[in-house]
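*Asks:* Would you mind keeping the following structure in view while I ask a few things?
The values are calculated or read from the model by the stated rules, or taken from the named source; none is laboratory data. On a predicted model such as this, the values are computed, not experimentally measured, just so you know. Methodologically, a virtual Cβ is constructed for each residue, glycine included, from the backbone with ideal geometry; neighbour enumeration extends over all protein chains shown. To get the accessible areas, we keep the full protein, side chains included, count just its heavy atoms, and leave off ligands, DNA and RNA. Shrake-Rupley method; radii C 1.70, N 1.55, O 1.52, S 1.80 Å.
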Amino acid sequence: MSDMTPVPDDVLLSVNGLKKYFPINHGWLQRQVGEVKAVDDVTFDIKKGETFGLVGESGSGKSTVARLILRAYTLTDGSIRFRRADDSITELGGLDEKQLRPIRSEMQMIFQDPYSSLDPRMRLLDLIGEPLVIQGKLTKDEIRDRVQELLGLVGLRPEYVMRYPHAFSGGQRQRIGIARALALNPSFIAADEAVSALDVSVAAQNINLLQDLQEKFGLTYMFITHDLGMVEHISDRIGVMYVGRMVELGDTAEIFRKPLHPYTEALLSAVPQPDPRRRKEGKRIILKGEIADPANPPSGCAFNPRCPYATDLCRTTIPALREISGRQVRCHHAEELDLTGVGE
Amino acid sequence: MTLEATAAPVEPETASREEDLYTAKPWTLIWWRFRKHKLAVASLIFMIVLGIMAIFADFISPYTPFSFSKLNTFAPPSVVRVIHDGSLHRPFIYAVKRKRDPETARVLYEEDKTKVLPIEFFVKGQDYKFLGLVPTQMHLFGVSDRKQQINLLGTDSLGRDLFTRLLYGARVTLSAGLIGVAFSFVLGLALGSIAGYYGGWWDSGIQRLMEFIRSVPTIPLWMGLAAALPVAWDPLFVYVLITIILSLIGWTHLARVVRGRFLSLRTEDYVLASRLCGASEYRIVTKHMLPAMTSYIIAAMTLAVPEMILGETALSFLGLGLRPPVVSWGVLLQDAQNLRSISLAPWLLSPGIAVVLVVLAFNFLGDGLRDAADPYGH
Ligand SMILES: Nc1ncnc2c1ncn2[C@@H]1O[C@H](COP(=O)(O)OP(=O)(O)O)[C@@H](O)[C@H]1O
Ligand SMILES: [Mg+2]
């Protein structure tokens, strides 16, 4: 990977040509009969202190990207370069579990399901304290103090340390997950659909909490969601994924004003618009059919069977990622199409 | 969650009671749920009492299992009474007189309503070694008349006390069940975890093996395996081999439970969360996966015990398992093999009733444990 450009100073995480193919095994001897291209050639940077939104329908490969970055999976190909606390750059791609251990304290994840992401058999003390116990630098009393401090940080009462997760509501559990993620003072947090399972008002509270914490600790977020409406206010930049590929990448405001990819346009048109001045009359694109199967993607552009603007070129040739007016787009016709965003 | 709803009556101490619920250990929650299962609790008590009786069989039983009495063959169960001559009396039995039916020459026993034999406690009786260690003559209960016996469940063709033999048999049968389950626990846990944890090729191999074992009809398989045991071997050795044979078949059920739990836990978010903080595989398995499994494993083991007990009983009944002089419930049931002795002495079937009760109790207990196993289930 010597042809890669060096990581710019303001970038925390640089992902290049990331691929993850899951084997499909079948039969008696578990022979491999195919592969799911869950993530296919994804490239993007996340800047220090920003919130990067990763959007796309369910099944587009967002979670897999997050899990690759956090090295829950091994990479099929590509590179993940991460800026450490001491400002050195580490390639995470080839590291084994032992080499990853010190890095794991610098990057953490918040999960979608507040029920399955907390071990129901552990008290908050052990749950939130687990990362501290594993890193093994603090005494028992120090861990207890730190857990109580973390509970305070996420707006829960410190005396809850002896409780089990079943004592809490979904929103509170999500905060416990946040406290746990913060335990080791990470610089990067991936939030995978972190508020999708919550009620609107609880979700809004937790988003505010995440934003406060970002300000306080200078955190960098990757915010994953299938709901474009959610990321508008919190992300600085967004990447739109479709069947394992990044189809559009750019500033949130720009993309919302004028999408360059038909898939982004369709996602935007589905966002409920409470402000009547911003509503465009009658323009709601309903996507035909289902998201393509990454084990058996259509030829050409993966979006072509659902795209209202598809041409023969789209059906035969996979479009390359191109740079157009400071944005990256994977569409043959990005320049010609005049797509509709969400007005000012 | 249902638990929060059920445990929150509005009372002054509600807050502290809720706090109790919120800080209750997982095992406490399991116990709270188990407690609601009345039949399972009753079965648990029954099994504990039976277990204690089996352990102290030599002290609790009035005689020893091999003491025979030619003049007391096929004696019916002694009836324990409290009313003598129309007035209340401490528990007693009447003495019996042995007679012969003049036509059929059958032995008959007739109660002698004038001779009261009070049941006495901590009486001196036959010699034995308490728990096989301390020589003593003390028995829990008995009658002091030398010529008369108290036979709560009657006697067999050699005049041996069936109640005594049933208690001694419980030792062998129950321990065979438990040891068999212990063996299958080791096999099932090892193979189930390998299948569930490593998956892939290991998983398919172990699964096929389990399917094969389960598809073999058990009785012929037992017979084949048991027939391979030489007759002349030491009964204790045969006993161990029988339990191993039973567990070679019984492990599959447990392995299936363990495998299923591993598969579902492996993809659980909290396991991933732990991995992402740098937890070692060892920590993940011991701190997150096994604790989430223990209650399921205990329930599955409880449900496996009756299978073992039935296996031992069936094998011994068919003469393929344990043989006299070993006393087990299956061996005792051999006496009830022909219709004549059953019609003459139906009490010989009491080991069969004991088997049924124990099997039912283990099943109820296992069901209750299984329902209580996951107090966090939605
Ligand atoms: N562990 C896995 N093994 C096989 N296929 C997987 C695995 N994880 C995800 N996939 C497949 O990869 C694709 C992308 O999944 P995912 O990353 O979860 O999408 P998203 O988070 O955008 O909904 C899906 O088709 C999914 O079925
Ligand atoms: Mg996902």
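*Asks:* Give the Kirkwood hydrodynamic radius (Å, one decimal) of region A:66-215, defined as one over the mean of 1/r across all pairs of different Cα atoms.
*Replies:* 16.2
*Asks:* Can I ask one more? For the protein assembly as shown, what proportion of DSSP beta bridges, expressed in % and rounded to the nearest 5, is antiparallel?
*Replies:* Bridges in the protein assembly as shown are about 75 percent antiparallel.
*Asks:* For region B:125-153, list residues with backbone N below 16 Å from a point placed 7 Å from the Cα of B:ILE52 toward its Cβ?
*Replies:* It comes to B:140-141, nothing else.
*Asks:* Given a Förster distance of 60 Å, report the FRET efficiency between B:LEU221 and A:THR74 from their Cβ-Cβ distance, rounded to the nearest 0.05.
*Replies:* The pair B:LEU221/A:THR74 has a calculated efficiency of 0.85.
*Asks:* Toward the positive end of the charge dipole of region B:79-150, about the Cα centre and with charges on Cβ (Lys, Arg +1; Asp, Glu -1), which of B:GLY132, B:ILE83, B:VAL116 goes farthest?
*Replies:* With unit charges placed on the Cβ atoms, the residue in question is B:GLY132.
*Asks:* Ok, one more. If contacts are Cα pairs under 8 angstrom and at least 6 residues apart, what is the relative contact order of region B:164-373 in percent?
*Replies:* Once divided by the residue count of region B:164-373, the mean separation gives 30 percent.
*Asks:* Relative to the longest principal axis of the C-alpha atoms of chain A, give the angle of the C-alpha long axis of helix A:170-182, reported between 0 and 90° and rounded to the nearest 10°.
*Replies:* 80
*Asks:* Ratio of Rg to Rh for region A:30-109, alpha carbon only, Kirkwood?
*Replies:* Reported Rg/Rh (Cα atoms, Kirkwood Rh): 0.98.
*Asks:* Something else about it: Would you mind estimating how fast region A:79-161 diffuses translationally, via Stokes-Einstein at 4 °C and 1.567 mPa s with the Kirkwood radius over Cα pairs, in µm²/s?
*Replies:* Rounded, D is 88 µm²/s.
*Asks:* Here is a further query. Hey, rough spin-label estimate for A:ARG157 and B:LYS147, points 7 angstrom out along Cα→Cβ, what's it come to in nanometres?
*Replies:* 8.0
*Asks:* Now for a different question. So how tilted is helix A:200-217 from the main axis of chain A? Cα-based, degrees 0 to 90, rounded to 10.
*Replies:* 70
*Asks:* Let me ask you something else. I want to make sure I understand the PRE zone here: with the label point 7 angstrom from the Cα of B:SER341 toward its beta carbon, which residues in region B:54-76 have backbone N atoms less than 14 Å away?
*Replies:* B:73-75, by backbone N distance to the label point.
*Asks:* While we're here: Can you pull out the buried accessible area for chains B and A, both sides counted, probe 1.4 Å, rounded to the nearest 100 Å²?
*Replies:* Chains B and A together bury roughly 3100 Å² of accessible area.
*Asks:* In region A:119-140, what residues drop by 40 Å² or more of accessible area when the other protein chains are put back, versus the chain on its own? Use 1.4 Å, and skip ligands and nucleic acids.
*Replies:* A:ASP119, A:PRO120, A:ARG121, A:GLU130, A:ILE134
*Asks:* Determine the shape class of region B:164-373: with a ≥ b ≥ c the square roots of the Cα gyration tensor eigenvalues, call it rounded for a/c under 1.5, and otherwise prolate if a/b is greater than b/c, oblate otherwise.
*Replies:* Judged from the Cα gyration tensor, region B:164-373 comes out prolate (a/c at least 1.5, a/b above b/c).
*Asks:* Per-residue HN-Hα couplings for region B:175-187, Karplus 6.51 cos²θ - 1.76 cosθ + 1.60 at θ = phi - 60°, whole Hz, x for Gly and Pro?
*Replies:* 5, 4, x, 5, 5, x, 5, 5, 4, 6, 4, 4, 5
*Asks:* What is the Cα radius of gyration of region B:259-352 over 2.2 N^0.38 Å, N being its residue count?
*Replies:* 1.90
*Asks:* Can you send over the carbon and sulfur percentage of the accessible area for chain B, probe radius 1.4 Å, protein chains only?
*Replies:* 67
*Asks:* Consider just the alpha-carbon atoms of region A:214-339 and return their Rg together with their Dmax, both in angstrom.
*Replies:* Gyration radius and largest Cα-Cα distance of region A:214-339: 15.3, 52 Å.
*Asks:* Could you give me D for the protein assembly as shown, from Stokes-Einstein at 10 °C and 1.306 mPa s, where the hydrodynamic radius is the Kirkwood radius over C-alpha pairs? Units µm² s⁻¹, please.
*Replies:* For these conditions, the coefficient is 50 µm²/s.
*Asks:* For a label point 7 Å from the Cα of B:THR28 along Cα→C-beta, name the residues of region B:282-308 whose backbone N is under 19 Å from it.
*Replies:* Within reach of a label on B:THR28: B:292, B:295.
*Asks:* Turning to a different aspect of this structure: Obtain the nm distance between the two label points defined at B:THR114 and A:ASP126 by a simple spin-label model: each point lies 7 Å from its Cα along the Cα-to-C-beta direction.
*Replies:* A separation of 7.4 nm, rounded to one decimal place.
*Asks:* Another one. Once you have the Cα-Cα distance between A:SER169 and A:THR316, take 0.36 nm times their residue separation minus that, and quote the gain in nm to one decimal.
*Replies:* 47.9 nm
*Asks:* Solvent-accessible area per residue for chain B at a 1.4 Å probe radius, Å²?
*Replies:* 51
*Asks:* Treating each Cα of region B:79-150 as an identical point scatterer and ignoring solvent, apply the Debye formula and state log10 I(q)/I(0) at q = 0.11, 0.12, 0.25 Å⁻¹.
*Replies:* Here the Debye-derived log intensity ratios amount to -0.40, -0.46, -1.07.
*Asks:* Taking 30 Å² as the minimum loss, tell me which residues in region A:161-204 lose that much accessible area going from the chain by itself to the full protein complex (1.4 Å probe).
*Replies:* Buried on complex formation: A:ARG163, A:TYR164, A:HIS166, A:ALA167, A:ARG180.
*Asks:* Go through region B:233-279 and flag every residue whose accessible area shrinks by 50 Å² or more with all protein chains in place compared to the isolated chain (probe 1.4 Å).
*Replies:* Listed by number, the residues meeting the 50 Å² cut-off are B:ASP269, B:TYR270, B:LEU272, B:LEU276, B:CYS277, B:GLY278.
*Asks:* Please give the contour-minus-distance gain from B:HIS89 to B:ILE213: 0.36 nm per residue of separation, less the Cα-Cα distance, rounded to one decimal in nm.
*Replies:* 38.7 nm
*Asks:* How many nm separate the modelled label positions at B:THR267 and B:LEU360, each set 7 Å beyond the Cα in the direction of the Cβ?
*Replies:* Label-label distance for B:THR267 and B:LEU360, simple model: 4.1 nm.
*Asks:* Determine the principal axes of the Cα atoms in chain A, then give the extent along each, sorted from largest to smallest and rounded to whole angstroms.
*Replies:* Computed over the Cα atoms, the extents are 67, 54, 47 Å.
*Asks:* When N is the residue count of region B:270-321, what does its C-alpha Rg come to as a fraction of 2.2 N^0.38 Å?
*Replies:* 1.95
*Asks:* Output the Kirkwood hydrodynamic radius of chain B, Cα pairs only, in Å rounded to one decimal.
*Replies:* When all Cα pairs of chain B are included, the Kirkwood radius is 24.3 Å.
*Asks:* Specify the angular offset, from 0 to 90 degrees and rounded to the nearest 10, of the alpha carbon long axis of helix B:235-266 from the longest principal axis of the alpha carbons in chain B.
*Replies:* With rounding to tens, the tilt is 30 degrees.
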